[in-house]
Structure formats: structure tokens, C-alpha cells
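This structure is in C-alpha cells; I'll ask about it shortly.
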Amino acid sequence: MSDKVLMKGNEAIAEAAIRAGCRHYFGYPITPQTEVAAYMAKRMPKIGGVFLQAESEIAAINMVYGVAGTGRRVMTSSSSPGVSLKQEGISYIAGSDLPCLIVNVQRGGPGLGGIQPSQSDYFQATKGGGHGDYHLIVLAPSSVQEMADMTSKAFDLADKYRMPAMLLADGTIGQMMEPVKLAEPVEHPFVEKEWAVTGTKMQREHHIVNSLYLVPEQLEKKNFERYERYKKVEENEVIYESFMMDDAEYCVVAFGIAARVSKNAVVAARKEGIKVGLIRPVTLWPFPKKVLSETAEKVKGFLSVELSMGQMIEDVKLATSCRRPVGLCRRSGGMIPSPDEVLEAIKNMQRGEE
Amino acid sequence: MKRVTLFCGHYGSGKSNIAVNYAFRLRETYDKVALADVDVVNPYFRSLDSKSELEEKGIRVIALPFANTNVDLPALPSEVYGLVERRDIHAVLDVGGDDRGALALGRFVPYIQEENDYDMFFVANFYRPLTRTATEALGVMNEIFSACRLPFTGIINNSNLGEETVARDVVETVAEAEKLAEISGLPLVYTTYSERLGEINVPSPFPIRLQKKYF
């Protein structure tokens, strides 16, 4: 039998997390990410892990905070309204310099919104949804295989930089089924971390996990130190995909499910002789600023394709210092643009230019 | 073909696709055919997506009142009672995944058992991560039976890897499907696979047309 399995995106996240050594999951059900919790509920007890359905999203993220303090791999998952509830806890975790994984399988908003796919939590994920100066590493998968691969990647990056990472998916990728090749499980023997709260055994000084600094000089110093680390993330961890960009005169920018639709549109536009390509940010923070800035020197215009009223477009404009026009092709509230709609937007961009 | 046919299984095993194709097959023989989408678990991909095609062929489609809308409310339509109680129509029930989906079936079970003219098929895809083996699949079967209390009557092997499936992938699961038949004591009634694969040499082949995908 093939060594691939047919998985839902949500299941791929759960299985990949287990294989990456995560043995602690805390969550609360919400469509369209409930399969992450359902899968964990089935698997964790069999492998000596912990699955706990908390009484709320707020409780779940604070449980994550607790386990993260012990230096073990831990995660939670939810969908948009639930992730809003987690923001306070996320800010505390960032303020305590702890690694963890937060998964957001986005649905339409604001408010309770709907249950269909969306990308309208881009601002919340990349600009700090909670209070204070902080960032999350934000990864945006666009296939079920990437749901698995990026879950593992997110844990590694979170550990490396001692900061929370977020997998920013959407309902479509969470629900759709595709064949996946899963990584072999890696054994993660518990490594004593110099900061983890694991009990002193009366043999060392206390480790303190805390985000409270009442002396402003100390808090400022902490924040400056943290931003030095963020700078390293921005220098070293940017990931993007470049598609048909070699001779492109126009550049579509899209991530996640929007990038999938956009690729079809780019291929269709090429058939009609329009020289267009696609840059797909894979890390939304750090955002692929450099490549977009360089691309601005080569192309006549950009088109941001989003399942939101237009959020990432601001980062595209910033990255390119508005040197070229940036158009917007958007759907909202759970709607997905068809490849034809994106193709039409590409043609509009071309007509506007020539 | 029995008057009531139910499709149950692990979620994502392919129940909806098979239910739709089975309804088309029933319609070739019987005038009055209905398909009820009683999946209270899956909010996105469902047999209701084929509503217009089914209705074109004269198949009645019964759906959850709020399916494919923004309302995430797992309520069952009263019309399903009609299907089960009135015995003049061939009914296909597309049941939600796992034991949770099958729980919704419980209220209809006394009627189905009293009439005793039903098939309840377990749909297995051995490429799904939690049903990789016959033993794991039997575990899910038992969970579903515990939830709905209606005994299964047969097994459908729907092993596939989605769009990447090649004929060999299907053939290589036959042994596991036969093992599931053996340990469950039930017949292997169909091996289903996408019709684009052509003819495959497997037990009781049933090529099916897949529902349309949009991305």
C-alpha cells in the first residue's frame, strides 16, 4: 500500500503535531477546526499524551501558557472567534518569552461571523492581536501537505526563538482532503532548558516565568531584547514561493487558499499571453518584504488577492514603498474568488497600466 | 437492493460520494428514490452538493434544514421520518461520520428494524490515518454500532488517495478489505473507485462519479 494517507487538513495538523513531539493539547471545539481536537482526543490517550477540552478558549490558552513554562511542546487550536478569546493569553505567553503553537483555522467574521473559510484574521495574526509590543511567527499553509509540514516547522521555530508561533489556515484547507506523506515521528527527549520551570530539586536557583515588570527600565530592556530576537527572525526565517515570476510584468500576491485559486488564474492568464506571476508569502510574519521590494523594480503592478476586505495589501504597499500600483481582488464573509474572478482582476490591472 | 440503504463510516471515508452514486443506481430500477443527507457532523463537503444533478434524475433530496448555510445547527428534518415510515420509496441515508454522526440515526432505528428491509454499509478507506488496518476499521464499526444500535450488513471498500489515486492503490487494499470482511463476519459488497480509473480487477467493482470540486 502507498505510504501516503488521505487526510483532512485539520487531521494533518494534529498528526503532525504528535509526530513533532507535542504531547499536550488544550482546546475548545469550534467549526471549522473541530477535527483537530477530535483527532487529538482519539490519539493522545493512546500515546501517553494529554488531551483536554477546556471550559473555554481562555482557559485553554492559559493551560498552554502553563505547559509552555515547563519547556514542553504544547498547542491549542481554534477558529476566528475562539482565537480572539485567546489573545490575552497569547500576549502573556509572548511577554514571558515562551514557545508554543496556536492554530487558527479561520472563518468569516467579525463577531460570530460564519463557518465558511476566510483570511480576515490577517491583521490580528501579524500585527499582534493582543496588547503590547510583540510578534508571532505566522505560517500560512496552502495544502493539506503543508498543514502537516508547517505544524512541525512552527514548533521548531517557536523553540528556536522562544516565541509563540501561529499556523494561520482557513476553513477550506482545514476541511479539504488530500494525500499526505507524513514525516517519521521524531523522538524529542525532554531537554532541560535554562529557563523552564521544572522544579529546582533544591539544586539550582528558581526559574521564573513572568510577564510583569513594574520597573519601566526593566520592561523596556526586556522589550528591546525581544525585538533583537525578532530582528533575527526577520533576517533568517522568511519563506515565500515564487511562481512564474521570471519574466513577469505583473505580480499577484496571495497566501493560503487564495494562492491556490490565484495560481490557476495566473496559468490561465499566461495562456492569454499576459506575463503575470505569483509571489506567495508562506511566512506572513516575517513578511517577505525584500523580494517584494525587489520585484517592484521589475513589474508594472501588483494584485493582492485575499479572502478579506483587504488586509495583506497594506503590507504589500509597505514592502514596495508604493512604487507600483497595488490592486485588490477580494471576497469576504466566507466567499472564495473563482479563478475567473482573479483572471478578470489581472486583466483589469493590465488595462489600467497600458 | 433493499428499501432503505444507509452509509456509515469514519468521517472522510467517502460516504457521500457513494450515497449519491448509489441513489443514481437505485433510480435505474425504481421510480421513487430519495436521498437524505443526515450528516450532522461535516459542515463543508456533503451529498447536498449534488442536489441539482439528483433532482434532474427525479431523485428526491432531503437535507438538514440549515445545511450549506452559515447556521451551524445540527437539526434533523422531519421528512426523514417520512422516508423511514412510509414504505413506498427507496431511501438512501447518508449518515455523518464516526459514532457521533451515527448517533443521529438512533431515533429511526426502531422503524428500520421493524420493517427489516435495509442494508447498512460500512464504508472503509484504508488510506485514512485512523483506519489503516482491518482491526482499526473494525474498531470504528463497533463504535458506530454502539451509537446507533443498528447492525451492519456489509462492507464497502472505498480506499483511495483522492485525486492522486491510481488503480494499484485500490488493488493493494483488497487484502485488507477481505480481512475486515472476515473479522466482522460481513460480506464485502462493493469495491468503489473513481470511474476515471477505468476497469479494475477487484471484488464487486463499483466505479463511481465523484462530486465536483471547486479548488
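None of the figures in this text is laboratory data; all of them are computed from the coordinates on show. Note that this is a predicted model, so its numbers are computed, not measured. With ideal geometry, Cβ positions are generated from the backbone for all residues, glycine too; neighbour counts draw on all protein chains shown.
Quantify how strongly other chains surround peptide A:11-23 by giving the mean number of their Cβ atoms within 10 Å of each of its Cβ atoms.
On the way: counts 5, 1, 0, 1, 2, 0, 0, 0, 0, 0, 0, 0, 0.
Taking the mean over all residues of the peptide, I get 1.
Among A:165-173, A:280-288, how do they line up by average Cβ neighbours within 10 Å per residue, starting with the highest?
Answer by packing, highest mean first, reads A:165-173, A:280-288.
For chain A, what does the relative contact order come out to in percent, with C-alpha contacts under 8 Å and a separation of six or more?
18 percent
Take the Cα gyration tensor of chain B, multiply each eigenvalue by 5, square-root it, and list the three semi-axes largest first, rounded to whole angstrom.
Numbers: eigenvalues 121, 77, 59 Å².
Taking √(5λ) for each Cα gyration eigenvalue gives 25, 20, 17 Å.
Taking the Cα centre of the protein assembly as shown as the origin, how large is its charge dipole in debye, to the nearest 20, when only Lys and Arg (+1) and Asp and Glu (-1) carry charge on their Cβ atoms?
Dipole about the Cα centre, nearest 20: 480 debye.
Starting from the eigenvalues of the Cα gyration tensor, five times each then square-rooted, give me the equivalent ellipsoid semi-axes of the protein assembly as shown, largest first, whole Å.
Value: 43, 30, 21 Å, ordered largest first.
So what's segment A:244-300 giving for Rg/Rh, alpha carbon basis, Kirkwood Rh from the mean inverse pair distance? Intermediate results must be reported in sequence, preceding the final value.
Values: Rg = 11.3 Å, Rh = 11.6 Å.
Reported Rg/Rh, Kirkwood definition of Rh: 0.97.
Modelling each spin label as a point 7 Å along the Cα-to-Cβ direction, I'd like the A:Ile239/A:Asp156 distance in nm, to one decimal.
Here the modelled spin labels are 0.8 nm apart.
With +1 assigned to the C-beta of every Lys and Arg and -1 to the C-beta of every Asp and Glu, and no other charges, what is the dipole magnitude of segment A:96-211 about the Cα centre in debye, to the nearest 20?
So the magnitude is around 220 debye.
May I ask you to order A:36-42, B:25-31, B:180-186 by the average number of other C-beta atoms within 10 Å around their residues, highest value first? Spell out each step's value before the answer.
Details: A:36-42: 22.9, B:25-31: 13.3, B:180-186: 15.9.
Order by mean packing, descending: A:36-42, B:180-186, B:25-31.
Specify the residue with the greatest mean-square fluctuation among A:Lys46, A:Lys289, A:Lys153, computed from a Gaussian network of chain A linking alpha-carbon atoms under 10 Å apart.
The residue that fluctuates most here is A:Lys46.
Expressed as a whole number of Å, what is the distance separating the alpha-carbon centroids of segment A:256-334 and segment B:151-176?
First find each Cα centre; the distance between them is then 40 Å.
Let me ask something else about it. Please report B:Met120, A:Met176, A:Met244 as a ranked list, fewest other C-beta atoms within 10 angstrom at the top and most at the bottom.
A:Met244, A:Met176, B:Met120
Another question, if that's okay. Within 10 Å of each residue's Cβ, count the other Cβ atoms and sort A:Ser332, A:Ser143 from fewest upward.
A:Ser332, A:Ser143
Please give, to one decimal in nm, the separation of the simple spin-label points placed at A:Glu88 and B:Ala75, each 7 Å out from Cα toward the Cβ.
Taking the simple label geometry, A:Glu88 and B:Ala75 are separated by 3.4 nm.
Please work out how much length the chain gains when fully extended from B:Glu85 to B:Lys57, using 0.36 nm per residue of separation minus the C-alpha to C-alpha distance, in nm with one decimal. Let's see the in-between values first.
Working: separation 28, 0.36 × 28 = 10.08 nm, distance 2.35 nm.
The B:Glu85-B:Lys57 span can extend by a further 7.7 nm.
Now for a separate question. Among A:Leu214, A:Leu318, A:Leu101, whose mean-square fluctuation peaks in a Gaussian network model of chain A (Cα, cutoff 10 Å)?
Maximum fluctuation in the GNM of chain A, among the listed residues, is at A:Leu214.
Volume per residue, Å³, of the convex hull around the alpha-carbon atoms of segment A:291-354?
Output value, Cα hull per residue: 79 Å³.
At a Cα cut-off below 16 Å, give the lysines reachable from A:Lys300, other chains included and same-chain residues fewer than 8 away excluded.
A:Lys275, A:Lys317, A:Lys347
Report, by chain and number, residues whose modeled amide H sits under 5 Å from the one on A:Met176, excluding near sequence neighbours (fewer than 5 apart, same chain).
So A:Met176 has HN proximity to A:Gly9.
While we're on this one: Which links in A:Lys46/A:Lys86; A:Lys231/A:Lys289; A:Lys153/A:Lys232; A:Lys42/A:Lys160; A:Lys263/B:Lys15; A:Lys8/B:Lys51 stretch past 20 Å when you go from one Cα to the other?
A:Lys46/A:Lys86; A:Lys42/A:Lys160; A:Lys263/B:Lys15; A:Lys8/B:Lys51
Using Cα pairs under 8 angstrom and six or more residues apart, how large is the relative contact order of segment B:4-208, in percent?
23 percent
Please give me, ordered by residue number, the GluC sites (Glu not before Pro) of segment A:188-265 that lie in loop per DSSP and have at most 10 other Cβ atoms within 10 Å. Spell out each step's value before the answer.
Details: sites: A:Glu192, A:Glu194, A:Glu205, A:Glu217, A:Glu220, A:Glu225, A:Glu228, A:Glu234, A:Glu235, A:Glu237, A:Glu241, A:Glu249; in loops: A:Glu192, A:Glu194, A:Glu205, A:Glu237, A:Glu249.
Qualifying residues, ordered by number: A:Glu192, A:Glu194, A:Glu205.
If the reach is capped at under 13 angstrom between alpha carbons, list the aspartates and glutamates near B:Lys32, excluding any in the same chain fewer than eight residues apart.
Straight-distance partners of B:Lys32: B:Glu55, B:Asp88.
Also, I was wondering about something else. In whole angstrom, and with the biggest value first, how far do the Cα coordinates of segment A:241-353 range along each principal axis?
Per principal axis, max minus min of the Cα coordinates gives 32, 29, 24 Å.
So how do A:Ile61, A:Ile239 line up by other beta-carbon neighbours within 10 Å, fewest first?
Lowest count first: A:Ile239, A:Ile61.
Next question. Return the loop-located trypsin sites (Lys or Arg not before Pro) in segment A:199-282 (DSSP other than H, G, I, E, B) with at most 11 other Cβ atoms within 10 Å of their own Cβ; answer none if there are none.
In loop regions of segment A:199-282 (DSSP not H, G, I, E or B), the sparsely surrounded trypsin sites (Lys or Arg not before Pro) are A:Lys201, A:Arg204.
Next up: Only Cα pairs within less than 10 Å get springs; with that Gaussian network setup on chain B, which residue of B:Val123, B:Val95, B:Val166 has the largest fluctuation?
In the Gaussian network model the winner is B:Val166.
Moving to a separate point now. Which of the GluC sites (Glu not before Pro) found in segment A:12-112 are loop residues per DSSP with 12 or fewer other Cβ atoms within 10 Å of their Cβ?
A:Glu55
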